[in-house]
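Enquirer: Structure below; questions to follow.
The values are calculated or read from the model by the stated rules, or taken from the named source; none is laboratory data. Just so you know, these numbers come straight off a predicted model, no measurement behind them. Glycine also receives a Cβ, built like all others from the backbone with ideal geometry; neighbour counts cover every protein chain displayed. When the accessible area is computed, the model is the full protein with side chains, heavy atoms only, and any ligands, DNA or RNA have been set aside. Shrake-Rupley method; radii C 1.70, N 1.55, O 1.52, S 1.80 Å.
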Amino acid sequence: HRREFNYTTAAERVEAQHRSKERINFWRVLLRYMPPNLHLVFVSKYFAEQVMSDLGFRLPASQYSIIHNPIDTEVFAYAAKTAEQRKRILSIRPYTSPTYANDLMVKAIIELSSREFFSELNFTVMGDGPLFDETLAPLRGFANVTIERGFLTHSQIATVHRSHGILLCPTRMDTHGVSRDEAMASGLVPVTSAVAAVPEFVDESCGILAPAEDHIALADGIAALYESPARFLAMSAAARARVVATTAAGLVIDRELALIENPLGQV
């Protein structure tokens, strides 16, 4: 039901419900009485709580851990942003599912087009997938929106990060958000949605959190950063610091190794 937006017909929903019941029955049998040598790892507290809610029972606290996905803070290196880079907004997303909320990104840009400072902004929209053309069609007429179709390597993404200051990345469902954290490691300020696990990784000191499905709030967040260069620069540095302190690869690998060395313990 959390991903109901992925289905457009009653038949699709019925089929999805059937597959969901099969999966949940499998996991209930496996996890109702966990063997002592079984330990689960979740990438966020949100995901762990979501799973236990769906199961209908809690897992033993000693038999699961929360270990985030690792962010390579060397590839996604930090260089202090300039105030001008708050005017350069980036979106790099797949166009495979409504989950990625690219339609909200488009609506936010269209909303910004009614603001008097819009011509000072520059948007770079990158990605690919079956929804690419349809989703981005409304942006094709804007001279300050560059659309590039295709996928990038990590090093290419890091290069693009260096020339931008804001990552516009709304979402409808996320258990972590690796691409967002990679951008934060590079010093980009995320403008995203306060849904699912996102608030575990982004707060108001380092990003803009808009309510679910609220493209106006996304646009307002970009406007607030435009209007306050000092706030943008402070949030950029805070975004990098947040990743270094919570999801940097070194921290995550240490926790993983500790669990491997002590598999019956809790990390």
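Enquirer: Considering only protein heavy atoms and a 1.4 Å probe, what is the carbon-and-sulfur percentage of the accessible area of the range 140-267? Write down the numbers at each step before the final one.
Expert: Numbers: 3130 of 5430 Å².
That share works out to 58 percent.
Enquirer: So if each residue of separation counts as 0.36 nm, and I subtract the Cα-Cα distance between Ser155 and Ala137, what length gain in nm does that give?
Expert: On the way: separation 18, 0.36 × 18 = 6.48 nm, distance 2.84 nm.
My answer for the length gained is 3.6 nm.
Enquirer: Write down the accessible area per residue of the chain in Å², having rolled a 1.4 Å probe over the full set of protein chains. Numbers along the way, then the final one.
Expert: Details: 13110 Å² over 267 residues.
That works out to 49 Å² for each residue.
Enquirer: For Thr124, what residues show an amide H to amide H distance below 5 Å, using hydrogens built from the backbone and excluding near sequence neighbours?
Expert: Ile89, Leu90, Ser91, Thr146
Enquirer: How high is the relative contact order of the chain, given as a whole-number percent (alpha carbon pairs under 8 Å, six or more residues apart)? Walk me through the numbers before you get to the answer.
Expert: Details: 437 pairs, mean separation 64.4, N = 267.
Rounded, it is 24 percent for the chain.
Enquirer: Quick one: 3J(HN,Hα) in Hz for the range 240-250, Karplus 6.51/-1.76/1.60 with θ = phi - 60°, rounded, Gly and Pro as x.
Expert: The phi angles translate into 4, 4, 5, 5, 4, 7, 10, 10, 4, 3, x Hz.
Enquirer: With contacts defined as alpha carbon pairs under 8 Å and 6 or more residues apart, what's the relative contact order of the range 23-121 in percent?
Expert: Numbers: 46 pairs, mean separation 22.0, N = 99.
Relative contact order here is 22 percent.
Enquirer: Before anything else, pin down the relative contact order of the range 128-263: Cα pairs under 8 Å, at least 6 apart, normalised by residue count, whole percent. Please list the in-between numbers first.
Expert: Values: 144 pairs, mean separation 26.1, N = 136.
Relative contact order comes out at 19 percent.
Enquirer: Continuing with this model, one more query. Starting from the amide H of Leu40, placed 1.01 Å from N in the peptide plane, find each other amide H under 5 Å away whose residue is 5 or more places distant or on another chain.
Expert: Tyr64, Ser65
Enquirer: Each residue of the range 161-177 in order: what ³J(HN,Hα) in whole Hz does its phi give by Karplus 6.51 cos²θ - 1.76 cosθ + 1.60, θ = phi - 60°, with x for Gly and Pro?
Expert: After applying 6.51 cos²θ - 1.76 cosθ + 1.60, I find 4, 5, 9, 10, x, 10, 10, 8, 9, x, 7, 10, 7, 7, 8, 8, x Hz.
Enquirer: Which value, in debye to the nearest 20, gives the size of the charge dipole of the chain about its Cα centre, when Lys and Arg are +1 and Asp and Glu are -1 at the Cβ?
Expert: On the way: 26 positive and 30 negative charges, 63 e Å.
Computed about the Cα centre, the dipole is about 300 debye.
Enquirer: Taking the Cα atoms of the chain alone, what are Rg (to one decimal) and Dmax (as a whole number) in Å?
Expert: Considering the chain through its Cα atoms, Rg and Dmax are 20.0, 62 Å.
Enquirer: Further, regarding this structure: P(r) of the range 1-160 in 10 Å steps, Cα pairs, percent per bin?
Expert: 8, 24, 26, 24, 14, 4, 0
Enquirer: Turning to a different aspect of this structure: Sort the following peptides by mean Cβ neighbour count (other Cβ atoms within 10 Å, averaged over residues), highest first: 96-107, 250-261.
Expert: Output ranking for 96-107, 250-261: 96-107, 250-261.
Enquirer: Taking Cα centroids, how far is the range 122-172 from the range 62-76 in Å?
Expert: 26
Enquirer: I've got another one for you. With θ taken as phi - 60° and the coefficients 6.51, -1.76 and 1.60, list the Karplus ³J(HN,Hα) couplings across the range 123-138 in order, rounded to whole Hz; mark glycine and proline as x.
Expert: With coefficients 6.51, -1.76 and 1.60, one gets 10, 10, 10, 10, x, 6, x, x, 9, 4, 5, 4, 5, 8, 3, x Hz.
Enquirer: May I ask you to give the average projected area over all directions of the convex hull of the Cα atoms of the range 152-235, in nm² rounded to one decimal?
Expert: Working: hull surface 21.0 nm².
Mean orientational projected area (the range 152-235, Cα hull): 5.3 nm².
Enquirer: So, one more: Would the range 2-87 count as rounded, prolate or oblate if I go by the C-alpha gyration tensor, calling it rounded below 1.5 in a/c and otherwise prolate when a/b exceeds b/c, oblate otherwise? Before the final figure, lay out the partial values.
Expert: Working: a/c = 3.56, a/b = 1.42, b/c = 2.51.
Since a/c reaches 1.5 but b/c is at least a/b, the shape of the range 2-87 is classed as oblate.
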